[in-house]
1. Compactness ratio of segment 39-175: Cα Rg over 2.2 N^0.38 Å, N = residue count?
2. How far apart, in nm, are two points set 7 Å out from the Cα along the Cα-to-Cβ line at Ala111 and at Lys53?
3. May I ask you to list the lysines whose Cα is less than 20 Å away from that of Lys161, ignoring any residue fewer than eight positions away on the same chain?
4. Measure out, as a whole number of angstrom, how far apart the alpha-carbon centroids of segment 69-87 and segment 95-170 sit.
5. Only counting other Cβ atoms within 10 Å, I'd like Val57, Val157 sorted with the fewest neighbours first.
6. Can you tell me the FRET efficiency between Arg150 and Lys127 if r is taken as the Cβ-Cβ distance and R0 is 45 Å, rounded to the nearest 0.05?
7. Working out 0.36 nm times the residue gap between Cys75 and Gln91, then minus their Cα-Cα distance, what length gain in nm do you get to one decimal?
8. Provide the net charge surrounding Phe101, with neighbours chosen by a C-beta distance below 15 Å and charges set as Lys +1, Arg +1, Asp -1, Glu -1.
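A short reminder: the numbers here are calculations on the coordinates, not readings from a lab. Remember, it's a predicted structure, so these values are computed and weren't measured experimentally. Glycine gets a Cβ as well: all are built from the backbone with ideal geometry, and neighbour counts include every protein chain shown.
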Amino acid sequence: MTRRSRILLTALAFVAVGGIATFAAAPGNPKAVSQAGGLWTDKDGAPTYNISKDGTVDWGTFIGYLRYTDNCLRCHGPDGSGSSYAPDLAQALKQIDYSQFIADVAGGIKAVNTAQQLVMPAFADNKNVMCFIQEIYSYLRARSTGALGRGRPAKSVPDPKGFDEASYKCLGIPQ
């Protein structure tokens, strides 16, 4: 079973048992220490970014930008900077770690009180989000630390061998 499949199954199981995350931990040091399939991780194994001095972003962070723009921008605004409709994710990622991020995205968030209604739908069954959750997190993590500016990254490393095949498999697209 691939790492992507394990993440998707974990998220689905979390939602299936009615999981509601109530903890939050800061994400820790974002320094990239290892890479597999174009995706970088920090010392704790959480997805992170790897941006070179000339501004070239790693493949996972670049794909994260594209997937964020396709799936999250309509509510959370350009570059994760928030909108009148949904919070600033670049700021939120300063407060939550990867496991909390997955729980929130997979299970959704509902905070209703007399002053406001904050509702984010659950995306656990949306493969366009969950198959790329690591990449979306890496992108938002880069934005949250200021390592990546606003807008589309100007340069990225080429896609790693096997990335498309793994993505198609996770999405359920026959080859």
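1. Numbers: Rg = 15.1 Å, N = 137, 2.2 N^0.38 = 14.3 Å.
The reported ratio for this selection is 1.06.
2. The two pseudo-label positions are separated by 4.1 nm.
3. Lys161 reaches Lys169.
4. Using only Cα atoms to place each centre, the spacing works out to 11 Å.
5. Val157, Val57
6. It comes to 0.95.
7. Extra length from Cys75 to Gln91 when fully extended: 4.3 nm.
8. My count for the surroundings of Phe101 gives -2.
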